[in-house]
Amino acid sequence: MTSVAGARLGLVFWEQDGAAHAAVTGPETRTGTAPVPEGAVFTGIDLAVGTTLRMAPTADLLDGGVTLPDTSRRTFRLDGARWQTPGPDDAEALVERLVRAGVLDREPLVADVLRGHRPAFSQRTVERRFRAATGLTRGAVRQIERARTAALLLAAGAQAADVAAELGYFDEPHLARALRTYVGRTARQLREGAGGAIALDVAQRRTS
């Protein structure tokens, strides 16, 4: 499966050959190829940009992650405690419990900056706090998020020229380079659904 660059931490749970597994995934700066074990069933949780994990700095998880030990179908171990292994219907409840316990936190400055606000701090302080929370620069997060949005629009049928204009790319070649770097697909492949499995929910965005 083609993996897609992303600026978020994640929690992934899967079963294969009767065994249960869990992992924390870090932000990914480029596209790549991810193995999909035959017969495995996955549940994944994407956390908001700027979410941090008490057990490890986000920068240490960049382009990687941590496999969690002692995982069963019922429970997994994270940050020194055991938690109920979630299914698709109770993932949000797990995140709420992790937040209440202080295992997960979120840097509010990140959301403010990404919305275009100017926090009352020096640029150096903003950049330091932003990188500490995300493992990435502000520019890198914007580029990754913009490329992912472009991929969703193209997969929903939008024209490359329209996507480039809507998202502020200088021209279509710049859009094409971003897709190649962060998504691993061309605009045509995304529009045609070609290129094989991809780690992007192309059903979540629709255009008229």
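The values are calculated or read from the model by the stated rules, or taken from the named source; none is laboratory data. The model shown is predicted, which means the values in this text are computed figures rather than measured ones. Cβ sites come from the backbone with ideal geometry, for glycine too, and all protein chains shown count toward neighbours. The protein model used for the area step is the full one, side chains on, heavy atoms only, and it has no ligands, DNA or RNA in it. Shrake-Rupley method; radii C 1.70, N 1.55, O 1.52, S 1.80 Å.
What is the chain by shape, rounded, prolate or oblate, if you read a ≥ b ≥ c off the alpha carbon gyration tensor as root eigenvalues and call it rounded for a/c under 1.5, prolate for a/b larger than b/c, and oblate otherwise?
Oblate.
Treating the beta-carbon of each Lys and Arg as +1 and of each Asp and Glu as -1, no other charges, what is the dipole magnitude of region 84-208 about its Cα centre, to the nearest 20 debye?
500 debye
For region 107-208, what does the accessible surface come to per residue with a 1.4 Å probe? Please give it in Å².
Here the residues of region 107-208 average 57 Å² of exposed surface.
May I ask you to evaluate 6.51 cos²θ - 1.76 cosθ + 1.60, the Karplus curve with θ = phi - 60°, for each residue of region 108-118 and list the ³J(HN,Hα) values in order in whole Hz, giving x for glycine and proline?
x, 4, 4, 4, 4, 5, 5, 7, x, 6, 10
With each label point set 7 Å from Cα along the Cα-Cβ vector, what nm distance links Ala132 and Ala40?
3.4 nm
Any idea what the relative contact order of region 1-150 is, in percent, if you count C-alpha pairs under 8 Å spaced at least 6 apart?
In percent, rounded to a whole number, it is 26.
Once you charge only the Cβ atoms, +1 for Lys and Arg and -1 for Asp and Glu, what is the size of the charge dipole of region 1-113 about its Cα centre, to the nearest 20 debye?
240 debye
Let me have the 222 nm mean residue ellipticity of the chain computed from DSSP H runs of 4+ only, each contributing -39500 (n - 2.57), with the sum over all residues rounded to the nearest 500.
-10500 deg cm²/dmol
Over the heavy atoms of Arg128, what accessible area does a 1.4 Å probe trace out, to the nearest 10 Å²?
150 Å²
Could you grab the relative contact order for region 76-188? Cα pairs under 8 Å, six or more apart, rounded to a whole percent.
It rounds to 14 percent for region 76-188.
Round to a whole number: what % of the accessible area of region 1-114 belongs to carbon and sulfur, probe 1.4 Å?
Carbon and sulfur together cover 49 percent of it.
With θ taken as phi - 60° and the coefficients 6.51, -1.76 and 1.60, list the Karplus ³J(HN,Hα) couplings across region 63-71 in order, rounded to whole Hz; mark glycine and proline as x.
6, x, x, 9, 7, 8, x, 6, 9
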